[in-house]
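The structure appears below as structure tokens.
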Amino acid sequence: MEYLRILILSMIPVTELRGAIPIGIAMDLNPIGVYIASVLGSTLVSVPLVLTYRHIVQFMRDKKILTKLLNKIDQKIENSMKKMKAASFLGIILFVGIPLPTTGTWTASAIASILRMRIVEAFAGVFIGNCIAGIIVLLISYHII
């Protein structure tokens, strides 16, 4: 039951994985279980987020909200689509993998939807990034690094 709480905490944008792991460690839970629950929770939320963000961007286009900004972003993406597609997967991994404030699943999902990444690539990038960030946060929580 405690691991379910950690999983849910890792889905919330305020705590995400970076907050759920130290909370689980403070609760004296098994670090491997905390790591797995945090990575799963933080990653599972990425798919609905990417889909939701896509609908929000499409709604903004339909209602002509921030049209100039969206058109500039689209133009930049179209101009460098091949380079950006290759770099976007690695970029999402690095963005999520470095545990800094605002570099988690929620922001990465928004970036992936703006870049029009495929769901599988966005999910895989967020998962790998969460695995890396989870290890770093776990090591920091135990004062190893």
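What follows draws every value from the coordinates through simple rules; no lab data is involved. A quick note: this is a predicted structure, and the numbers were derived from the prediction, not measured. Counting neighbours? That spans all protein chains shown, and the Cβs are built from the backbone with ideal geometry, glycine included.
Could you count how many residues in the range 6-64 are charged (D, E, K, R) and surrounded by 16 or more Cβ atoms within 10 Å (Cβ to Cβ)?
Residues meeting the conditions: 3.
What is the residue count in the range 99-109 for residues that are out of contact with any helix residue (DSSP H, G or I) (no Cβ under 7 Å at 6 or more places or on another chain) and either over 18 Å from Leu51 (Cβ atoms) or part of a loop (DSSP other than H, G, I, E, B) (or both)? Final tally of qualifying residues: 3. The residue that is nearest to Ile56 (Cα to Cα), counting only those in the range 129-145 that are touching a residue at least 40 places away in the same chain (Cβ under 8 Å) and not aliphatic (A, V, I, L, M), is Asn130. Counting the residues of the range 112-128 that are within 19 Å of Leu40 (Cα to Cα) and in contact (Cβ under 8 Å) with a residue 24 or more places away in the chain gives 10. Note on the range 1-57: among residues that are free of Cβ contacts under 8 Å to residues at least 24 places away in the same chain and not in a helix (DSSP H, G or I), the one that is farthest from Leu138 (Cα to Cα) is Met1.
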